[in-house]
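The values are calculated or read from the model by the stated rules, or taken from the named source; none is laboratory data. Quick caveat: nothing in here was measured; it's all calculated off a predicted structure. Glycine gets a Cβ as well: all are built from the backbone with ideal geometry, and neighbour counts include every protein chain shown. For accessibility, only protein heavy atoms count, side chains too; no ligands or nucleic acids. Shrake-Rupley method; radii C 1.70, N 1.55, O 1.52, S 1.80 Å.
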Amino acid sequence: MGSEVADLVTVEQWRAICENDANYDGQFFYAVSTTRIFCRPSCKSRTPKLENVRVFLCAEDAMDAGFRPCKRCKSGGVRLPDADWVAQIEAYIGEHYREHLTLSRIADGCHGSAYHLHRVFKAQTGMTPLDFVHVVRIREACVLLETTEMRVMEIGAAVGMPNAAQFATLFKRAQGVTPSGYRKTWKELHVR
């Protein structure tokens, strides 16, 4: 039976997901479209919104549909390699960098504990997950400075840093120049 038959969540399955009912493990897996992760019904991760859930009868169907196994409940049957989990964390940050991100929120979204996520991410990348959030925000700010006429304050807010002074300080630390200076230099180099 293919995943297209099992896509819709029944009332019974939804109850099992909400209650982390281990009795349903092996009967189905649920995937969350916003995180691209699939879990066992017993997974202790935060209950997703119903409209973001798809149901699969086996792990292979979920993986074939582009979902990754959960680090917390080992829905893929084996422990997810650290490098794969780090890629999952980076993808989550890339999708959510505009939001207020804390280590706990990232860990929740990537189905792991904050402590373990921090340790594994730093060991694999040499930086903390929150440092990576800043890298993504600065990278996106550079794109906006190069391609729009948005004010610096608006760009800061657009990349998840509504405090203009904090944004300018972080940007200068990362790029060696203020956001306005970056825009001016970029225009001078690319107008010629």
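Miscellaneous remarks
- Total residues in the range 113-126, condition open to solvent by less than 10 Å² (accessible area, probe 1.4 Å) and of a type outside the set (Val, Ile, Thr): 2
- Filter result (of a type in the set (A, V, I, L, M, F, W, C) and open to solvent by less than 60 Å² (accessible area, probe 1.4 Å)) within the range 32-55: VAL32, ILE37, PHE38, CYS39, CYS43, VAL53, VAL55
- Contact annotation: residue pairs with Cβ atoms under 6 Å, 6 or more positions apart or on different chains, pairing a residue in the range 14-31 that is open to solvent by less than 30 Å² (accessible area, probe 1.4 Å) with a partner that is at pLDDT below 85 and assigned to a loop (DSSP other than H, G, I, E, B), are PHE29/SER75.
- In summary, helices (runs of 4 or more DSSP H) completely within the range 138-192 and bearing 2 or more residues that are within 25 Å of GLU95 (Cα to Cα) and within 22 Å of the chain's Cα centre (by Cα) occur at 152-158, 164-175.
- Check on ARG40, more than 30 Å from ILE155 (Cα to Cα), of a type outside the set (Val, Ile, Thr) and in contact with a Cys (Cβ under 6 Å, 6 or more places away or on another chain): yes
- ARG151 being out of contact with any Asp or Glu (no Cβ under 7 Å at 6 or more places or on another chain), under 24 Å from ARG105 (Cβ atoms) and either modelled with pLDDT of 95 or more or of a type in the set (D, E, K, R) (or both): no
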